[in-house]
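*Asks:* Below is a structure I'd like to ask you about.
No lab work stands behind these numbers, since they all come straight from the coordinates. Everything numeric here is computed off the predicted structure, so don't read it as measured data. Here Cβ is always computed from backbone atoms with ideal geometry, including for glycine, and neighbour counts include all displayed protein chains.
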Amino acid sequence: MEFFSNPNVIFYIAAYLIGSIPFGLILAKKFAGVNIKDSGSKSIGATNVLRVVKETNPSLAKKLGIATVILDALKGTLVILIAMFMGMGIETLWAIAVLAVLGHCYSVYLNFEGGKGVATGLGVFLILIPIPTIIGAIVWGFCAKVLKISSLSSLLGLIGVVISAIILNNGLGVDSNAPMYIIAFIIIYKHIPNIVRLIKGQETKVA
C-alpha cells in the first residue's frame, strides 16, 4: 500500500488516467451525435472530430475541433502544473508528460487505442520547453496553412520543437533529452499510417 501512497506514483497514475480521457469522442457524441471511432480515420483527435462532424454540421465541427485541441492539451498541462505547485522534481514532471501522452495514444478507456498525441504533446512541451514549443507551433501553423495536410503539418511542427530544443540547448532540466525523444517517438509511431499515405500521395487534405 505504501507504493500507492507515494506522491510520485499518484501523479504517474493520474497523468495516465487523465491523459486517457477521449475528449474528442465524448464531445462528438454529446454535441453532434456521432461516434468518431466508427468514421473517418477513427482517431479520437481534433482532426477526425472536424472531418466527421463537418459532414453533418459544418458550423459545429470547427467549435468541437478547437475544444478537442484545448482539452487534449490541458490533459497533460494541468497535471504537470499541479505537480509543480506541489514541488515535484523535474524528473517527475517529465515522467508525467510521457505518461499523459501515452494515455492519450493508448487509452485505458478505449482498450488501449487512442489518438496521435499531438495536442497532448503540445500541452506538456509548452510547460516544460516553452520556447522550442512556440517555434514548433509557428512551424505547424505555417505548414497547416500552406500544405493543408494535418498529419504532415503536425509532424513538421514536432520536428521543429525537437530541433529548436537541441539548437537552442534549451535544456530539459534532466541529464538527457530522452523524455522529449520518447514523446516524439510515440507521436511519430502513431503517425505511421499517415506517413505511409503521405508517401503514396493518398493523405487527405483538410479543407
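*Asks:* Bin all alpha-carbon pair distances of region 1-82 at 10 Å intervals from 0 and give each bin's fraction as a whole percent.
*Replies:* With 10 Å bins starting at 0, P(r) equals 19, 41, 22, 14, 4, 0.
*Asks:* Can you pull out the trypsin sites (Lys or Arg not before Pro) in region 1-100 that DSSP calls coil and that have at most 16 other Cβ atoms within 10 Å?
*Replies:* Within region 1-100, the qualifying trypsin sites (Lys or Arg not before Pro) (loop, at most 16 other Cβ atoms within 10 Å) are K42.
*Asks:* I would also like to ask the following. How large is the dipole of the chain about the Cα centre if only Lys and Arg carry +1 and Asp and Glu carry -1, each at its Cβ, rounded to the nearest 20 debye? List each step's numbers first, then the result.
*Replies:* On the way: 16 positive and 8 negative charges, 209 e Å.
Once rounded to the nearest 20, the dipole reads 1000 debye.
*Asks:* Same structure again: For the chain, what does -39500 (n - 2.57) per DSSP helix run (n ≥ 4), summed and divided by total residues, give at 222 nm, in deg cm²/dmol to the nearest 500?
*Replies:* -22000 deg cm²/dmol
*Asks:* A follow-up question, please. If a/c stays under 1.5 just call it rounded; otherwise compare a/b with b/c (prolate if a/b is bigger, oblate if not). Do that for region 2-200, with a ≥ b ≥ c from the square roots of the Cα gyration tensor eigenvalues.
*Replies:* oblate
*Asks:* Place a point 7 Å from the Cα of I131 along the Cα-to-Cβ direction; which residues of region 179-194 have their backbone N under 20 Å from it?
*Replies:* Counting backbone N atoms under 20 Å from the label point, the list is 179-181.
*Asks:* Would you mind computing, in nm to one decimal, how far apart the modelled labels at K145 and L60 are, each placed 7 Å from Cα along Cα→Cβ?
*Replies:* Each label point is offset 7 Å from its Cα along the Cβ direction, giving 3.1 nm.
*Asks:* How about region 43-123: which GluC sites (Glu not before Pro) there are in a DSSP loop, with at most 14 other Cβ atoms within 10 Å of their Cβ?
*Replies:* Those that pass, being in a loop and sparsely packed, are E55.
*Asks:* Can you give the FRET efficiency to the nearest 0.05 for I90 and F112, using r as the Cβ-Cβ distance and R₀ = 25 Å?
*Replies:* 0.30
*Asks:* Another question, then. Projected onto the charge dipole of the chain (+1 at Lys/Arg Cβ, -1 at Asp/Glu Cβ, origin at the Cα centre), which of I182, S150, S5 gives the Cα projection farthest towards the positive end?
*Replies:* Comparing the listed Cα positions along the dipole, S150 ranks first.
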